1. What whole-number value in Å² describes the accessible area per residue of the range A:13-252 for a 1.4 Å probe?
2. Just the number, please: buried accessible area between A and B, total of both chains, 1.4 angstrom probe, nearest 100 square angstrom.
3. Antiparallel versus total DSSP beta bridges in chain D: what percent is that, nearest 5?
4. Indicate, rounded to the nearest 5 percent, the antiparallel portion of the DSSP beta bridges found entirely in the range A:160-235.
5. Using only the C-alpha atoms of the range C:251-330, find the volume of their convex hull and express it per residue in Å³.
6. Taking the axis that carries chain B onto chain C, what is the nearest Cβ in chain B, and at how many Å, to the whole number?
7. Could you give, in nm with one decimal, how far residue B:21 is from each other copy of that position, shortest first, with labels 7 Å out from Cα toward Cβ?
8. Please give the FRET efficiency for residue B:130 paired with residue C:34, using the beta carbon to beta carbon distance and R0 = 22 Å, rounded to the nearest 0.05.
4 protein chains.
Amino acid sequence: MIFGSDNWAGAAPQISAALAEHSAGMARAYGDSDLDARVEATFAELFQHEVAVFFVGTGTAANSLAMAAVGRPGGMALCHRGAHMAEDECGGPELFMAGGRLVLLDGAVGKIDPDGLKKELARFDPPFLHHGRATALSLTQSTEVGTVYSIEEIRRLADMARALSLPVHMDGSRFANALVHLDVSPADMTWRAGVDMVSFGGTKNGCWCAEALVFFNTDLAADMAYHRKRAGHLFSKSRFIAAQFAGYFADDLWLDLARHSNAIAERLRKGIDASGKARLAWPSQANEVFFIAAEGVAESLQAAGAAFHRWPMPHDVEGEAIYRLVASFASTEDDADRFIEALNDA
Amino acid sequence: MIFGSDNWAGAAPQISAALAEHSAGMARAYGDSDLDARVEATFAELFQHEVAVFFVGTGTAANSLAMAAVGRPGGMALCHRGAHMAEDECGGPELFMAGGRLVLLDGAVGKIDPDGLKKELARFDPPFLHHGRATALSLTQSTEVGTVYSIEEIRRLADMARALSLPVHMDGSRFANALVHLDVSPADMTWRAGVDMVSFGGTKNGCWCAEALVFFNTDLAADMAYHRKRAGHLFSKSRFIAAQFAGYFADDLWLDLARHSNAIAERLRKGIDASGKARLAWPSQANEVFFIAAEGVAESLQAAGAAFHRWPMPHDVEGEAIYRLVASFASTEDDADRFIEALNDA
Amino acid sequence: MIFGSDNWAGAAPQISAALAEHSAGMARAYGDSDLDARVEATFAELFQHEVAVFFVGTGTAANSLAMAAVGRPGGMALCHRGAHMAEDECGGPELFMAGGRLVLLDGAVGKIDPDGLKKELARFDPPFLHHGRATALSLTQSTEVGTVYSIEEIRRLADMARALSLPVHMDGSRFANALVHLDVSPADMTWRAGVDMVSFGGTKNGCWCAEALVFFNTDLAADMAYHRKRAGHLFSKSRFIAAQFAGYFADDLWLDLARHSNAIAERLRKGIDASGKARLAWPSQANEVFFIAAEGVAESLQAAGAAFHRWPMPHDVEGEAIYRLVASFASTEDDADRFIEALNDA
Amino acid sequence: MIFGSDNWAGAAPQISAALAEHSAGMARAYGDSDLDARVEATFAELFQHEVAVFFVGTGTAANSLAMAAVGRPGGMALCHRGAHMAEDECGGPELFMAGGRLVLLDGAVGKIDPDGLKKELARFDPPFLHHGRATALSLTQSTEVGTVYSIEEIRRLADMARALSLPVHMDGSRFANALVHLDVSPADMTWRAGVDMVSFGGTKNGCWCAEALVFFNTDLAADMAYHRKRAGHLFSKSRFIAAQFAGYFADDLWLDLARHSNAIAERLRKGIDASGKARLAWPSQANEVFFIAAEGVAESLQAAGAAFHRWPMPHDVEGEAIYRLVASFASTEDDADRFIEALNDA
């Protein structure tokens, strides 16, 4: 009943095995090994597109370096107010943008509202020196609140950005969870919908620490090797990330893991809906579940051994709060069933 | 005969095993797991001192964050001209110092010359606004050219810095190799000799990616959690670094691995000395060997299957150059013997 | 009828005279002249408080350096969404904070809403690493939309910040206009109400370029000399700023100039109110006037020779817009009367 | 006998008059006035070349923004070890390069040694990620030690940089002094010799604070408006800089002022040479004079009322030191003669 976060799980056994397999022997360092090259080629196949791929160790690194890639003096990158880069990266994107700003956009259920984006973009068009200038649009897929943009929603936002020549970034720390929910190809969810670069996350879905910054528009990657190296994000034994991805992609493990955690989340959602003791805060689709309950109910669940966090969002009914559950590759049906049982008993 | 670098080796089997052992089960993220806490406590025991420990994934991250910890506006950190942070970190320390400068000091065989340090420190004493101000002294142990500062040498340099209230940093990416060479305790080589913080490296000595920024002067660490997080260097599944260190320290593995690579290097040094085909460029003590040979000799070695790099240092005899060999935990006596054989045959 | 901005005016004759008076003769550079020292002492007298004073050339420099003074890694400074530093400094504060963020607060008529501030501060209390941390509260007095915080309003906001040990900054680019409106002492409007540092502006009120960053909490100024110097904001012939301030303060010129521009603004406000052709957008108190008019009316005024800007704020009545008039020391009653006449004729 | 620095002088009377002339009346702010445009056009005429001109207030701002203009991640700019940007700008260029580095080159009498430049450039060719990359060459004309590069010397260094596509910057804080010494045109000393951008200084030669960053290669200026604005270096009443330059260029005042200060320096050099009490440290050509004397001689001169600085350069004769005299537009022949008289009496 540990639903604290998907990063509380360790590594999937297949990832551990892949690491062990590649731990012996000598290989060129700093990303120049054969294994690095093979895994980079796998990304091109998966996305059906030429790509420039940069392995890094954390999602904050991937997102912040992506913002740096397209940063310019006076630059401002637009993202949702609740995006990970806005809420939980402690100013990393701003640091790597060398003083750029994140412009925070509103929108229901974690998705950027197109009208709000339109209005904000209008501030930068025509350009006005004193305001700074827009340099990127970043979308999170799946969002921080467990929802998933449809392909049409992505395209609509991306088109607005591209009309002003703004690069479009996707924070895909839970890319796989969104992908299997939509049941589309990686190409459909990214470049075909107008996305120029992706922070492709493996960590939350079963790797130790495997993130890749993937550029479809490889012009944007011109300086990335320097950005990554000087930020301390180029690993000498880079193949340990490549090895994780090798295990991740083999036999579609990554999709299976994501389907599993999404299914556990769905099981939780159904159980909550039927419980009468709590209700879903909003309909989520990926591996996160947000529910509203009386504080006493939450305490009762925790007393029964469930681990989860209160969500720091104001809630207007006295004595109630919003709580988050995150299912991971390591969550079991039994975990979910015991949680629902404890809820019904609360 | 692969002596390209110690980071060409993968992970030691015991490190792989430790990782596998800790891959299952749930644990709190971002460094809050029990394992993280246990390994941090191990650092305190090893160093016989209260410490603040911050795990990161690369040596560049550790060094750059150390410089950030003590950086101030107009700040200038002093290090050897050939230090890794000066030569091979692509401006990382300067980035994390938010525009600080590395002041490069000379000195034979990779060690800072005390007279040169004295002269440079005098530029900042009394302080003169326009010059900026000194903020740190960084020593590399073992040095980039395989030499090892004696305890007295460390103390002498550290005392000069401390007389001006400058924090002293040790880049210990090859800490273990120096330690076993000197046959002293970690405390002797660090805080007892005047060192305030260490970039403690595990990667080059058998880990995948395990570095720890260790503060003896914990006041200097006041902002480090924020520095690390916003730079993208706080891992969510931080225990994968803790697990590597757990394996690294168990049964003194780390010392055994370092003794092994030092011994292989010594075997190479003796063979080169006796060969008549090449000569040592300077006496090194840790796991690196630098030799001078005719370019034809180097080509002959490479043709025989040896892998190593030419060292980018000017050499004044026509047709000769300096070459570097690095022994790792994975190097074997057989590797060394075959190399020397090939050298004798060259 | 030029009401484009108060920085469209040149220098007041007394300021020009002061500059000319001090142009001859030798004096120590970089702020070490007798004149610099005398003017710094004047600031202490004016504010009835020990101060650390730093002359700079622009308001953006003063504000950005103030934010730098109190910046910390992961730092976030809170200000009104419409503040100059948020809207019109092109990311300067973020640059000087080395990647810090401005957190934008709402509030009617340009003033920070206390409830909104409370809610935002709660996000940082208790501290949560991933969110970053609050480092300052900045108020603008008079505000960007011509309103003036009462002493009580300042104190209420400052108290909330200080309860969390946050330094309080006042952007006083139109300090004098607010001061004479409130008819209080500089001490009352600043440190007595909880303000720790002020960007004290002379430029908009009759100087060429004279701004002073004034610290009442001189601990906050510990690094400021370095911040200013390395940002290129320490003038060698610093006395040219001191000379302007000498002229500015002599015989209370600065208060007279501000009273004059406020009075012209009041004359405009009354005329607009009485016109029937336009209406005040909100009640302003200092030297700025915001009015709502049909677009045709604005065009008619411009055709008559009036210069002013449309304010980039959405307005919900079709065919109407908000316009801004700024009165300066150089504006005349005749300018105002001719404007109102043109408005009545529109 | 005040030879402390050329920035100890105030403003030349003609500059003061020009400022006064333009102090009245309204004009568009932020560089959009007619006067700004006229003066920018004057720069194009003077240099016989299309230019992009950016007024700033200090030489540190001009130099640092120039380095920012051509900075890239991992970037390193090459300059002389004694250059103002290396010695006296407190890390400003590094700040504005967002963590770039100044690579310090040696060379006699303040001029970069071509062989040293060649060797340093070779480190970056072919590029090696870990080293970072060269982004600019900066020359100082006249140099910090009063010498003047010949056109051929400039061209030789510039050609070496341009062969690697490096932009060439000239720090011309004493541009006029060098120009009248060489008796060539501004075009000859800059773009015709391979210079891409100049920090064109007016302050040291009779203005209050008037510096212009002038780009001949206007592509390099693409982001400069944003760089300058966000650094707080765009003045609202920008015309006060334009006015100074208007006065500076009128009737070749700038050349006259420089010829005057150079002539005073020459008078000092001749007197020192003939004195027998001191000797020139090296032959300088512009408005600075460096002499070697016994410390007692310096004290005797100061007791007689002369003001000048000891130069912080090691000198190997016990009891002697190097001293610097700087002549300005405001220095008189009488000042020089009295100084020499005092020297002879020492």
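1. Accessible area per residue: 30 Å².
2. Rounded to the nearest hundred, the buried surface is 4000 Å².
3. Bridges in chain D are about 55 percent antiparallel.
4. Bridges in the range A:160-235 that DSSP calls antiparallel: roughly 55 percent.
5. Details: hull volume 7.2 nm³, N = 80.
Looking at the range C:251-330, the number lands at 90 Å³ per residue.
6. Residue with the nearest Cβ, plus whole-Å distance, for chain B: B:98, 2.
7. List, nearest first: 2.5, 8.1, 8.5 nm.
8. In this case the efficiency is close to 0.60.
The values are calculated or read from the model by the stated rules, or taken from the named source; none is laboratory data. Just so it is clear, the structure is predicted and the values come from calculations on it, not from any experiment. All Cβ positions, glycine included, derive from the backbone under ideal geometry; neighbour counts span all protein chains shown. We work out accessible area using only protein heavy atoms, side chains counted, and drop any ligands, DNA or RNA first. Shrake-Rupley method; radii C 1.70, N 1.55, O 1.52, S 1.80 Å.
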